[in-house]
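Have a look at the structure below before the remarks.
Laboratory data are not the source of any read-out in this text; all were calculated from the coordinates shown. This is a predicted model, so every value here is computed, not measured. Here the Cβ positions follow ideal geometry from the backbone for every residue, glycine too, while neighbour counts run over all protein chains shown.
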Amino acid sequence: MTVRNEIKAQIVRAGYTMQELVDRLHEEYGWSDSVSNLSAKLQRESIRYKEVMQLADVLGYDLICAEMKDEDIVALIKRLGYVEGLPVVVDPKILNPKAFIDEVIEQRLPNPFMPDTPQRIATDTSQKVGIRFGETIKSYVAEGRDLNSLVSIPLAIAGWLRYLLAIHHLAQQNTEVSPLALAQAMGVTKPSVTSILTSLMKQGVIVRRRYGKIYITDRGVLYARYYDELVEKILQHFPLAGEGFTPEECYSAAVAMAVSLPAREIDEKCESLYGEDCREGS
């Protein structure tokens, strides 16, 4: 892939239009506010190293090795792999499952010479959430294991649901939801929402149209309303505001609790409306 195509691919992954990107570069690094100027640099491949670094910064292009310096991220990965996933993994004999996790955590991801990004990894693996998390949960049920011992898996699903609810709330104010509006509502950078949007699209709860506008589907509304009501009930029955928690912390805790509860009612309703594949899409 040429430099030009690689940069354009990153712009698309970050969910920016060329005008939005140019505006950010102009504001943060004093670039020209002309889209044609940037397009010409990419066309001629005359962009300088310093400019590439500034462009990468605006696009949120981070290496995965940098993320592995975050103790919380590493702790989450280890719990997902060693504590919650490994006990129910079927040993294929060809490759030892624990040795594989060891290699990924200790050698592959921390390697600064591996030019991979957390955005790419999250985007490509979002379609595997149902398999990796869903099959793990099914194995816990089949083996009679305590589902209450799962922490990291419900947390990951709660994060997915938190974005869906944010989109639902924004859509009530404006039918068209932009990635920037979602990023501001979630308190994250715009590139950070890209991978989760890909996951939500794969699950059939949102669609993205021209210029990156986000629309919630009928299925998405169904789930969002259900969990919205459930979160409100949890907050009413388990008020945490008086315990020194902020409203946002209380809401996040309620979302995590909602995900941990059985969703038989909403699953049955979804299946009746969308067919037997609804559970896979949800």
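Residue exposure proxy: Ser199, Ser46, ordered by other Cβ atoms within 10 angstrom of their Cβ from fewest to most, comes out as Ser46, Ser199. Shape verdict for the range 134-263, please, from the Cα gyration tensor: rounded (a/c under 1.5), prolate (a/b greater than b/c) or oblate. Cα axes put the range 134-263 in the oblate bin. For the range 30-88, the set of GluC sites (Glu not before Pro) satisfying both a DSSP loop assignment and a count of at most 16 other C-beta atoms within 10 Å is given as Glu45.
Once backbone amide H atoms are built at 1.01 Å from N, Thr117 has Ile64 as its partners under 5 Å, excluding neighbours fewer than 5 places away on the same chain. Ordering Leu80, Leu235 by the number of other Cβ atoms within 10 Å of each residue's own Cβ, fewest first, gives Leu235, Leu80.
Cross-linked pairs Lys138/Lys213; Lys8/Lys50; Lys138/Lys202: Cα-Cα separations exceed 25 Å for Lys138/Lys213. For the range 97-106, the Karplus equation 6.51 cos²θ - 1.76 cosθ + 1.60, evaluated at θ = phi - 60°, returns couplings of x, 5, 4, 5, 4, 4, 5, 5, 6, 8 Hz by residue, with Gly and Pro reported as x.
Across the range 108-113, coupling constants 3J(HN,Hα) worked out from phi with the 6.51/-1.76/1.60 Karplus curve, θ = phi - 60°, read 5, 5, x, 5, x, 8 Hz, and Gly and Pro carry x.
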